[in-house]
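Below is one structure, written out as structure tokens; comments come after it.
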There are 2 protein chains.
Amino acid sequence: MKNYTNALRAHNLKATPQRLAIINILDLNGHVSLENLYTQMLSKFHSISLATIYKNINLMLESSFIQEVKIPQGKSVYELTKSKHSHLVCESCFSIEDITIDLEEIQKSTSSKTQFQIDSATVVFSGLCEHCKKKSF
Amino acid sequence: MKNYTNALRAHNLKATPQRLAIINILDLNGHVSLENLYTQMLSKFHSISLATIYKNINLMLESSFIQEVKIPQGKSVYELTKSKHSHLVCESCFSIEDITIDLEEIQKSTSSKTQFQIDSATVVFSGLCEHCKKKSF
DNA sequence: CTGACTGCAAACGTTTTGCACGGTA
DNA sequence: TACCGTGCAAAACGTTTGCAGTCAG
């Protein structure tokens, strides 16, 4: 289990047990909704406050330690900030996978077509994951 | 000004003045946040209720008459449902442009790489619009 | 004329805030 | 020890609901 103490300090955040637990949950689960995170935190800290969760999520968002992923037809989930990637959302089991895609060409042609300067791209593909695709027959 | 009465009826929604006004605002503005919509509605219906706005937005979302666009770093906006397209969001003036891009290739290669069945794609490019790009020098 | 829609007020769920206490560095 | 962080309670928001009156079809 990776130790995130120094990573937190590098973002000027104290390494409290609650924070380390939040990060570990994100690390293990990949993508977690707030209510899911709260539920998991409750099993580790029986008196954890929702306010603490919110405060930490917001602090870690501000310092870009984590990122919010807005799901088109669902609730936001949070993930540790990692290298640029896109998401696949299963509309049946609501699982989320990371995927790396090359948008270079599209961004270039879009930029030149519109004169818009593109700094970042958010891409979410929705459909059925491998498992649910099979089940749907 | 296009008349949306029949379009509403086709979705089993009565063509009330409030609804027609909402639709016209979306039509004229392209993309509108809830608070912006409420403000604009207030100037036409001095006693419009926020509840009415919400009820109508939700009904029109359910019938796919309109769609929600979740903006990565901002509030959701609503738009009339039109042919498939993506969005360019200016992080300086917060304007939103529609754009059509071809994702065929990327979807195909992503599908075969992951075994994920892709049914739809949500793409938002963020950056600077033509106007703000010039101002930023 | 009847069911659907509106506006109001209240309820609800989610997120934020203030404060006293406790823990990290 | 000095802040920063936590937990609690209350407040602030955003959204939904119930209801009585009104309107579109």
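Brief remarks follow.
- Residues of segment B:94-104 classified as more than 9 Å from chain A (Cβ to nearest Cβ) and surrounded by 12 or more Cβ atoms within 10 Å (Cβ to Cβ), total: 4
- Condition check for A:Glu35: surrounded by fewer than 15 Cβ atoms within 10 Å (Cβ to Cβ) and within 14 Å of chain B (Cβ to nearest Cβ): no
- Hey, A:Lys134 at pLDDT below 95 and either touching a Leu at 6+ places or on another chain (Cβ under 7 Å) or assigned to a helix (DSSP H, G or I) (or both) or not: yes
- Qualifying residue in segment B:6-15 (condition: closer than 29 Å to A:Leu61 by Cβ, within 16 Å of DNA strand C (Cβ to nearest atom) and out of contact with any Phe, Trp or Tyr (no Cβ under 8 Å at 6 or more places or on another chain)): no
- Some residue of segment B:40-57 being in contact (Cβ under 8 Å) with a residue 40 or more places away in the chain and buried (at least 16 other Cβ atoms within 10 Å of the Cβ): no
- Residue within segment B:74-82 that is more than 10 Å from chain A (Cβ to nearest Cβ), within 16 Å of DNA strand C (Cβ to nearest atom) and in contact with a helix residue (DSSP H, G or I) (Cβ under 8 Å, 6 or more places away or on another chain) present: yes
The values are calculated or read from the model by the stated rules, or taken from the named source; none is laboratory data. Predicted model, so just to flag it, every value in this text is computed and none were measured. Reconstructed Cβ throughout: ideal geometry from the backbone, glycine too, with neighbour counts over all protein chains shown.
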